[in-house]
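**Student:** Sharing a structure, written as structure tokens. Questions coming.
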């Protein structure tokens, strides 16, 4: 199977800009090293969805939302690019683009009731409520949800819903409001959030294991300013990072990420 349905979605990406049947999937393009095999995942799960995301087959620069080069094609930290149409989407930053993938997965799999995300104080704003006219208002120290708009299930209104989440909820919202994950329970689809005012988020795309139980992970990120999502590469030139008991995973990025920031979506399989 080539490509991913995200690129044919009604609001996310432009089919005219990317012909996804010409791209291999992550699972097809990036094989585990000798002695390792991918962990089993549930068919139709978020982990399965991530494996089927398309990647550019060959060196490609990472572009930002103004079509400027963000990461050069020959950058030593770049393994592969997910050809997301990021043009004119300045809100699709590091954590936001992870939410885009997860929301798209839920929508594709007819799990609309699970499209719900926290605002900074923990108040949940769901697509179902937004679609019926609910809108958040900040009062005092918390958000309140009021019914103040007409019902609207259109693609444009869905985009407005996601943009509202992106505008209000930064990385710290998900650090504090989503469940912490221990490293021994790491699964594809989990993500790491950096705590603090200069936060960041990276996504665990896939995991592989050998007979000794040693694990390695594919890890990817978006960034600020908003840019295409891309897979990272370690100093040895491999996209697979060792999962150890060290405090941090040693990613080739400026912001040091700690395993203590490992989180997952509440409805995770």
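**Student:** Which condition does residue 97 not pass, out of (1) surrounded by fewer than 18 Cβ atoms within 10 Å (Cβ to Cβ); (2) under 16 Å from residue 265 (Cα atoms); (3) in contact (Cβ under 8 Å) with a residue 60 or more places away in the chain, if it passes all the others?
**Tutor:** So residue 97 meets the others, but not (1).
**Student:** Then there's this: Specify the residue that is surrounded by the fewest Cβ atoms within 10 Å (Cβ to Cβ); the eligible residues are those in segment 177-190 that are in contact (Cβ under 8 Å) with a residue 24 or more places away in the chain and assigned to a helix (DSSP H, G or I).
**Tutor:** Initially, segment 177-190 is screened for residues in contact (Cβ under 8 Å) with a residue 24 or more places away in the chain, giving 177-183, 186-190.
Subset that is assigned to a helix (DSSP H, G or I): 177, 183.
Values: 177: 18, 183: 15.
Step by step, filter segment 177-190, then rank; the result is 183.
**Student:** Then there is this: Given (1) farther than 19 Å from residue 47 by Cβ; (2) in contact with a helix residue (DSSP H, G or I) (Cβ under 6 Å, 6 or more places away or on another chain), where does residue 170 come up short, assuming only one miss?
**Tutor:** (2)
**Student:** Identify, by number, the condition in (1) touching a strand residue (DSSP E or B) at 6+ places or on another chain (Cβ under 7 Å); (2) closer than 21 Å to residue 51 by Cβ; (3) without any contact (Cβ under 8 Å) to a residue 40 or more places away in the chain that residue 106 doesn't meet.
**Tutor:** Of the numbered conditions (1) touching a strand residue (DSSP E or B) at 6+ places or on another chain (Cβ under 7 Å); (2) closer than 21 Å to residue 51 by Cβ; (3) without any contact (Cβ under 8 Å) to a residue 40 or more places away in the chain, the odd one out for residue 106 is (1).
**Student:** Of the numbered conditions (1) surrounded by fewer than 22 Cβ atoms within 10 Å (Cβ to Cβ); (2) assigned to a loop (DSSP other than H, G, I, E, B), residue 249 satisfies every one except a single condition; which is it?
**Tutor:** For residue 249, the exception is condition (1).
**Student:** Among strands (runs of 3 or more DSSP E) lying entirely in segment 101-163, which contain 1 or more residues that are more than 18 Å from the chain's Cα centre (by Cα) and surrounded by fewer than 17 Cβ atoms within 10 Å (Cβ to Cβ)? Spell out the reasoning first.
**Tutor:** Values: elements: 116-118, 124-126, 134-139, 142-147.
Of the strands (runs of 3 or more DSSP E) lying wholly inside segment 101-163, those with at least 1 residues that are more than 18 Å from the chain's Cα centre (by Cα) and surrounded by fewer than 17 Cβ atoms within 10 Å (Cβ to Cβ) span 124-126, 134-139, 142-147.
**Student:** Then there is this: So which residues in segment 26-48 are in contact (Cβ under 8 Å) with a residue 60 or more places away in the chain, out of contact with any strand residue (DSSP E or B) (no Cβ under 9 Å at 6 or more places or on another chain) and on the phi < 0 side of the Ramachandran plot, if there are any at all?
**Tutor:** 42, 45, 46
**Student:** Could you check residue 196 against (1) under 16 Å from the mean Cα position of the chain (by Cα); (2) more than 23 Å from residue 125 (Cα to Cα); (3) surrounded by fewer than 18 Cβ atoms within 10 Å (Cβ to Cβ) and say which number it fails?
**Tutor:** Of everything listed in (1) under 16 Å from the mean Cα position of the chain (by Cα); (2) more than 23 Å from residue 125 (Cα to Cα); (3) surrounded by fewer than 18 Cβ atoms within 10 Å (Cβ to Cβ), residue 196 misses just condition (1).
**Student:** Could you list all residues from segment 50-62 that are modelled with pLDDT under 95 and outside any loop (DSSP other than H, G, I, E, B)?
**Tutor:** 54
**Student:** Still on this structure, please answer the following. Could you list, in sequence order, all residues of segment 68-85 that are surrounded by fewer than 24 Cβ atoms within 10 Å (Cβ to Cβ), touching a residue at least 24 places away in the same chain (Cβ under 8 Å) and assigned to a loop (DSSP other than H, G, I, E, B)?
**Tutor:** 76, 77, 85
The values are calculated or read from the model by the stated rules, or taken from the named source; none is laboratory data. In this text the structure is predicted, and so the values were computed from the model without any measurement. FYI the Cβ positions are ideal-geometry reconstructions off the backbone, even for glycines, and counts take in every protein chain you see.
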